[in-house]
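K.L.:
First, the structure itself, so that you have it in front of you.
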Amino acid sequence: MSRGIYITANDKVMDHTIALLNSIRAYDTETPVVLIPYDDHYLEVAAVLRKRFGVTVYKDLEFIDRLSKRLHSTFGEKFFARPNQFRKQACWFGEFDEFLYIDTDIVVFEKIIDNLNHFDKYDFLACDYQHRGGIKNVFSEAVIDQGVFMHSELKDIFNGGWWASKKGLITEQDIYETFAECAAHPEYFDFTQKTSDQPIINYMILKRIEKRFNLVNLDDQVPGSWAGSTHFMREGDILIDPSYDRPLQYLHWAGVRIEPGCSYWDIWAHYRYLGETMPEFEPAPKKNPSKLQQLVQLVKG
């Protein structure tokens, strides 16, 4: 039974990818990692990842190209803000029997592949609190009004940046049929924040994989993972959730631009420049206070 990690990247996100791989290798030097090219501009990042981390490139690039073209023909080339995010669906057909997919705007704080040990009970794993925000950024109210999903099923929605499953559970035909169903019912989805693959993969998993589980439901004290949360505290090379006095499994800058001054910039920079001399960064420019902040300041005197 082979296990491994898939990522998608191109040369543009070189720094993000190095930070992610440095964090993975800080806790796990053995698990194989495979790069799914985000587009044709990936040779530079592939060379760096191969030399530094032993990362290999997905073997069947023709399949990825076929998948992308079929997607474009189904939805139309201008339907999604970032259609190449769907290339991660190549995970279902790669070399690993059990796999974990991770976005490159993530760093991990543990041997992350060990989460796949839960596959003794489940076929699909997520690990986030996306569901606590309701169905926004995934579905519209139409899926409730039209009976597409029950409320109990919608509790299983997840963030598309971290998920795990097993090879062969989804077929190429399953993907194409899902694309066609979704293209026929765009009213089911919430694309207002320019999400691309997240609504569609949620639809596919909720429709086609019954044995799914979100690891934050293991108990009632599992820390979150979103960099937009402000209460995490650094302890050495990891982050702690002081609410539970427990370390985070990973941190995801979903919707947060990674740059000097952003939330948890210090932890990202630590992993990006692990083993290197960290350059000096210009301090982030101060943002003008909003009208509400100005009003609060006036009230305070």
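Read-outs: derived from the displayed coordinates by stated rules, not from any lab. Every value quoted in this text rests on a predicted model; they were computed, and no experiment measured them. So basically every Cβ, Gly included, is an ideal-geometry build from the backbone, and we count neighbours across all protein chains shown.
K.L.:
Would you order 219, 237 from fewest to most other beta-carbon atoms within 10 Å of each residue's own beta-carbon?
P.N.:
Taking fewest neighbouring Cβ atoms as first place, the list is 219, 237.
K.L.:
May I ask for the net charge around residue 182, where only other residues with Cβ less than 14 Å from the Cβ of residue 182 are counted and Lys, Arg are +1 while Asp, Glu are -1?
P.N.:
Taking every other residue near residue 182 into account, the sum is -3.
K.L.:
Sticking with this one: Just want the ordering: 64, 209, from fewest to most Cβ atoms lying within 10 Å of their own Cβ.
P.N.:
With the sparsest Cβ surroundings first, the list reads 209, 64.
K.L.:
Restricting the calculation to Cα positions, tell me the Rg (one decimal) and the Dmax (whole number) of the chain in Å.
P.N.:
19.9, 66
K.L.:
While we're looking at this one, here's another question. Pick from 218, 20, 49: which residue has the top mean-square fluctuation in a GNM of the chain where Cα pairs under 10 Å get a spring?
P.N.:
Among 218, 20, 49, the largest mean-square fluctuation in the Gaussian network model of the chain belongs to 218.
K.L.:
For a Förster distance of 22 Å, can you work out the FRET efficiency between the beta-carbons of residue 59 and residue 12, rounded to the nearest 0.05?
P.N.:
Efficiency computed from Cβ-Cβ geometry: 0.45.
K.L.:
I've got another one for you. Taking the mean number of other Cβ atoms within 10 Å as a proxy for protection, how do you rank 166-174, 93-101 from highest to lowest?
P.N.:
93-101, 166-174
K.L.:
Right, here's the next one. Show which aspartates and glutamates lie in cross-link reach of residue 51 when reach means a straight Cα distance below 20 angstrom and same-chain residues fewer than eight apart are skipped.
P.N.:
Those aspartates and glutamates meeting the cut-off are 11, 15, 28, 30, 40, 276.
K.L.:
Just 86, 213, 63 to compare: in a GNM of the chain, with alpha carbon springs under 10 Å, which one fluctuates most?
P.N.:
With Cα springs under 10 Å in the chain, the top fluctuation among 86, 213, 63 is at 63.
K.L.:
Given charges of +1 on the Cβ of Lys and Arg and -1 on the Cβ of Asp and Glu, with all other atoms neutral, how large is the dipole of the range 81-201 about its Cα centre, in debye to the nearest 20?
P.N.:
In total the dipole reaches around 300 debye.
K.L.:
When a footprinting reagent is the concern and you count Cβ atoms within 10 Å, what order do 8, 178, 29 take, fewest first?
P.N.:
If I rank by nearby Cβ atoms, fewest first, I get 29, 178, 8.
K.L.:
For the pairs 59/111; 155/207; 121/166, note any where the Cα-Cα span goes beyond 22 Å.
P.N.:
59/111
K.L.:
Per 0.36 nm of contour for each residue apart, how much would the distance between residue 219 and residue 66 grow if the chain were fully extended, relative to their Cα-Cα spacing?
P.N.:
Going from the current span to full extension adds 50.9 nm.
K.L.:
Separate question: Taking springs between alpha-carbon atoms closer than 10 angstrom, which of 273, 264, 58 fluctuates most in the Gaussian network model of the chain?
P.N.:
Comparing 273, 264, 58 in a Gaussian network model of the chain, the most mobile one is 273.
K.L.:
Next question. Is it possible to state the helix-based mean residue ellipticity at 222 nm for the chain, with each DSSP H run of 4+ residues giving -39500 (n - 2.57), the sum divided by total residues, to the nearest 500 deg cm²/dmol? What is it?
P.N.:
One gets -9000 deg cm²/dmol as the mean residue ellipticity at 222 nm.
K.L.:
How many angstrom lie between the Cα centre of the range 1-42 and the Cα centre of the range 120-179?
P.N.:
24
K.L.:
For the pair residue 176 and residue 141, what calculated FRET efficiency results from E = 1/(1 + (r/R0)^6), where r is the Cβ-Cβ distance and R0 = 22 Å, to the nearest 0.05?
P.N.:
Once rounded, the FRET efficiency stands at 0.20.
K.L.:
Per 0.36 nm of contour for each residue apart, how much would the distance between residue 230 and residue 256 grow if the chain were fully extended, relative to their Cα-Cα spacing?
P.N.:
Extra length available between residue 230 and residue 256 comes to 8.1 nm.
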